[in-house]
Amino acid sequence: MDSNRKIRVAQNGRLVLALFLALSSAFALGASPNVVLFYADDLGWADVACQGTAYLETPHIDRLAAEGMRFTQAYAAAANCAPSRASLLTGCYPPRHGIFTVGNSDRGNAKHRQLVPIQNRTTLGGEFVTLGTLFHNAGYRTCVAGKWHVSPDPRRFGFDINFGGNQAGHPKSYFSPYKNPQLQDGPDGEHLPERLGREVADWITQNADGPFFVYLPFYSVHTPIQARPELANKYQTKRSQWPAAPQTAAYAAMIESMDAAVGQVLGTLDQLQLTDNTLVIFSSDNGPHGAVSHAEPLRGSKGMFYEGGIREPLIVRYPKIVQPNQVCEQVVHQVDLFPTLQELIGGKPVPQKLDGVSVLPVLRGQSLAERDLYWHFPCYLEGGPKNIRGSRYAKHWRTTPCSVIRSDNWKLIEYFEDGEFELYNLARDPRESTNLFASNQVEAQRLKKSLREWQESVDAPIPTQRNPQFKNLDPANPIGNATR
């Protein structure tokens, strides 16, 4: 064999060895990343300490923010539970899956409803591929623990095991006995978030050879507000230091209990040396319940399409690509998580039209192209203690049927009852205190056009039928949506 050939053989051998070592290293680190998705219930934008609320103690969620990226302008798909969850799981805006609200769409007193709302679906259609199915089809082991809320059984949507998930929108009790057919009772006095955190931690330990996907949609901090007494007393004592804190003491205590469950899971990842190869996401489904918290400085709370009802905490940690302690002002939406995770794991195409985009470039420090975001709610939600819309009937509703668009820093809300519009510049007016619709018709008409085109593209159902039970107290004030 000549010398040149010997050199080539040696070089090729070293190349094969290097490739083998690289593949072995990738396998050891976990070529397919694990994914843990925490999803809180009714946790508002200001309800974690790292968002600036010093009254609260959320060290484990704060740790995620310190080790990853915290988004300041992240949105849920709706202002209440079920539609947000359906959109998170499918990557679709609500008009595509038909779940617009919780229960009936005609909630509240009939005599105060000007329109007949669009009928609501309460169960996710079997034609949709959920995140559970996406991961299952990619060879992942899958686990759900907590509030499922979009069908009777999450195992029909790709989840191998289910701890406590069913159609229910809130627990009968946060303390055992839970009276939950999908969750065996623990010792008397056991607290639900602690139990869910332990079940997930144990399941991860049993499946540590991965890859795995965990969806932990907490029941916390939805009503009933049932805190551990010692924590509630702790926050009641802290009220003397933080008298202006937006959260009640019992609600703050429930947040800390949920945070401790997050810590249980993160601690397990650490112990099993899985942290570096696990993408962790934390977010919530809608704004806070107005009786126990508020989202200041944002306007509104759960059930409203002001920022306080739909802007949510969002934190992503993945040491392989996300630099620590990043604060991102990029506007993102929870329908973005499906295509993001699909790209991350090389998931198969799905039958439904995805409305989001992958935010992996953002996690790598890049930016997304500008796009418009949309919301649609052709239903009624009865009023709450912090209702603040200006209509003469506002005291009865958190929201009436509406559509919303955010375009750059502009936000337009269209109310279908009376054809009213509200226009805000969120960069200059994050509290949505000054309606610019009449004074800025250039932006108003641009957003109206884009909103119309989107409504048509997704076949968004718009209520137009007048309600014969409505009692119009002001005959001079026309009803309906004649201005469309």
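Remarks
- Among the residues making up the stretch 207-238, those that are within 19 Å of Glu194 (Cα to Cα), assigned to a loop (DSSP other than H, G, I, E, B) and small (Gly, Ala, Ser) are Ser220, Ala227.
- All of (1) surrounded by fewer than 20 Cβ atoms within 10 Å (Cβ to Cβ); (2) part of a loop (DSSP other than H, G, I, E, B) hold for Phe100 with one exception: (1).
- Hits in the stretch 239-274 (condition: at pLDDT 95 or above, assigned to a loop (DSSP other than H, G, I, E, B) and either farther than 18 Å from Ala46 by Cβ or over 24 Å from the mean Cα position of the chain (by Cα) (or both)): Leu272, Gln273, Leu274
- Taking the criterion of being touching a residue at least 60 places away in the same chain (Cβ under 8 Å), touching a His at 6+ places or on another chain (Cβ under 9 Å), surrounded by 18 or more Cβ atoms within 10 Å (Cβ to Cβ) and closer than 30 Å to Asn162 by Cβ, the residues of the stretch 214-250 that qualify are Pro217, Tyr219, Val221, His222, Ile225.
- Among residues of the stretch 302-316, those that are farther than 14 Å from Val404 by Cα and either hydrophobic (A, V, I, L, M, F, W, C) or modelled with pLDDT under 95 (or both), counted: 3
- Inspection of the stretch 359-375 finds a residue satisfying the criterion of being part of a loop (DSSP other than H, G, I, E, B), of a type outside the set (S, T, N, Q), within 30 Å of Gly139 (Cβ to Cβ) and in contact with a Leu (Cβ under 8 Å, 6 or more places away or on another chain).
- Contacts under 6 angstrom Cβ, first residue in the stretch 261-276 being surrounded by fewer than 21 Cβ atoms within 10 Å (Cβ to Cβ), partner assigned to a loop (DSSP other than H, G, I, E, B) and not aromatic (Phe, Trp, Tyr), 6 or more apart: Leu272/Ala208; Asp276/Pro319
- Sole residue being of a type in the set (Gly, Ala, Ser) and surrounded by 21 or more Cβ atoms within 10 Å (Cβ to Cβ), chosen from Gly126, Gly132: Gly132
- Test: residue in the stretch 129-147 that is within 23 Å of Gly287 (Cα to Cα) and out of contact with any Gly (no Cβ under 8 Å at 6 or more places or on another chain): no
- Residues within the stretch 44-63 that are within 18 Å of the chain's Cα centre (by Cα), surrounded by 24 or more Cβ atoms within 10 Å (Cβ to Cβ) and of a type in the set (A, V, I, L, M, F, W, C), tallied: 4
The values are calculated or read from the model by the stated rules, or taken from the named source; none is laboratory data. Keep in mind it's a predicted model, so treat the numbers as computed, not measured. Don't worry about glycine lacking a Cβ; one is built from the backbone with ideal geometry, like all the others, and counts go over all protein chains shown.
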